[in-house]
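The block underneath contains the structure these notes are about, expressed in structure tokens.
Values in this text are rule-based calculations from the coordinates and carry no lab data. Since the model is a prediction, treat every value here as computed from it, not as a measurement. No Cβ is skipped: glycine too gets one built from the backbone with ideal geometry, and neighbour counts run over all protein chains shown.
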Amino acid sequence: MRNNIRFILFLMFGMSLSFQGNAQSIKLIPKEQYVYGALDTENYFRLLTDQNVGVVANQTSIVGDTHLVDTLLAVGINVKRIFTPEHGFRGAADAGAKVIGGKDEKTGIEIASLYGKTKKPTPEMLKDIDVMLFDLQDVGVRYYTYISTLTYVMEACAEQDIPVIVLDRPNPNGFYIDGPVLKAENKSFVGLHPVPVAYGMTIGEYAKMVNCEGWMKDGAHCELTVVSIAGYDRNAIYELPVKPSPNLPNWESVYLYPSLCFFEGTIVSVGRGTDKPFQIFGHPDLRGDYSFTPESKSGASKPMFEGQRCRGLDLTDYAHDYTINPAQLQLEWLISAYHQLKDKSFFTNYFRLLSGDNQLQRDIENGKSEEEIRASWQDDIEAFKEIRTKYLIY
């Protein structure tokens, strides 16, 4: 399969792509072996007893086969309010679509949206909350917005003296650190902090870093507890039991997401509106043996190039070669697509926010190689690693 991908890329882009061996021993943890902090009920139920509890949750917030909220209610814990991030409480909303609050149909509990009028809990939302429980499945990538929601929740709770408990979950892309470190001028909801694209930390470790590095408003600190994961393996890809968002349906898409999401800041489709989002990419004017036609689907109601035939590449087999792939972002797909489409205003303004560094676009436009671009990140990555080390739990 690996040689087939090399051949297809040669046909598409007229260049030979080098694949480095992976120095790490990466393994895939099947969803049946997935372990996470929410299972360690003994270490957080006692902190919630006789408290009005706020819960930041979505469809990934499970305890075994049961939703976290249902689990809490079953043991008599008073869940006062649910706070929900991008994609909503049940995880069906499109990327970027406003999430509406209301009430959970099953429990009748009020839902406060953190992806609508506000992305930060207001004092009114928190007025009757004694403790905040946070449980979202992150994917370990700076532009995945759950870590931004985490930051704003911690910041709001710090301002109201409300303790925060983070139920840690594995980072399915935690086995490498790579990408440009975000510069302050590119700060946005898809990148709040000076970290690389892939930062190699669980969401619990990330919470500790945000709390202690002064990255919240006015250098605020909250009272933070992290419920850790038993037996976490940082050098592993985790097959998640529940898809973290509508367009990351399986481990292959989660694995490819750090590299392919760069295309979201270009005129190239990443397969939204197909059965393989973030496993394929294409454009009507790209060359390639693989073709797809995006259609309106749940979670992708108005996909790019809806109804148009796109040609490009299916990277599913590349994902299946995870044991021999380099543990790094793959830039050649982006660079090669740019060379075919550079006369069509390839980059959008969103690319700057995703990359976090204006230099990446300039380097690609100036014809620099992937190796040259990657080398330009290394000093910043090494500086980040020194910060990161202080907060590692595993």
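Summing Lys and Arg as +1 and Asp and Glu as -1 over all other residues whose Cβ lies under 11 Å from the Cβ of residue 139 gives a net charge of +2. Taking amide H atoms as placed 1.01 Å from N in the peptide plane, the amide H of residue 63 lies under 5 Å from those of 68, each 5 or more residues away in sequence or on another chain. If the Kirkwood radius is taken over C-alpha pairs of region 270-334, then at 10 °C and 1.306 mPa s the Stokes-Einstein diffusion coefficient equals 127 µm²/s. Once the Cα atoms are used to define both axes, helix 2-13 deviates from the longest principal axis of the chain by about 70 degrees.
Looking at region 35-235 alone, DSSP beta bridges between its own residues are antiparallel in about 25 percent of cases. Across the chain, Cα pairs under 8 Å and at least six residues apart give a relative contact order of 19 percent. Quick one: work out the % antiparallel among DSSP beta bridges in the chain, nearest 5. Counting DSSP beta bridges with both partners in the chain, the antiparallel share is about 45 percent. For residue 280, the amide hydrogen comes within under 5 Å of the amide hydrogens of 315, counting only partners 5 or more places away or on other chains and with H modelled in the peptide plane. Over region 227-350, the Kirkwood radius and the radius of gyration, each from Cα atoms, give a ratio Rg/Rh of 1.00.
Which of the peptides 376-384, 220-228, 259-267 is most tightly packed, and how do the rest follow, going by the mean number of other Cβ atoms within 10 Å of each residue? List each step's numbers first, then the result.
Numbers: 376-384: 15.0, 220-228: 17.9, 259-267: 22.3.
Highest to lowest by the protection proxy: 259-267, 220-228, 376-384.
Over the chain, DSSP H runs of length four or greater, each weighted -39,500 (n - 2.57), average out per residue to a 222 nm ellipticity of -8000 deg cm²/dmol. Which of the residue pairs 106/297; 31/208; 103/217; 119/217; 31/80 have a Cα-Cα distance greater than 20 Å in the structure shown? Exceeds cut-off: 106/297; 31/208; 103/217; 31/80.
Divide the volume of the convex hull around the Cα atoms of region 35-235 by the residue count and you get 116 Å³ per residue.
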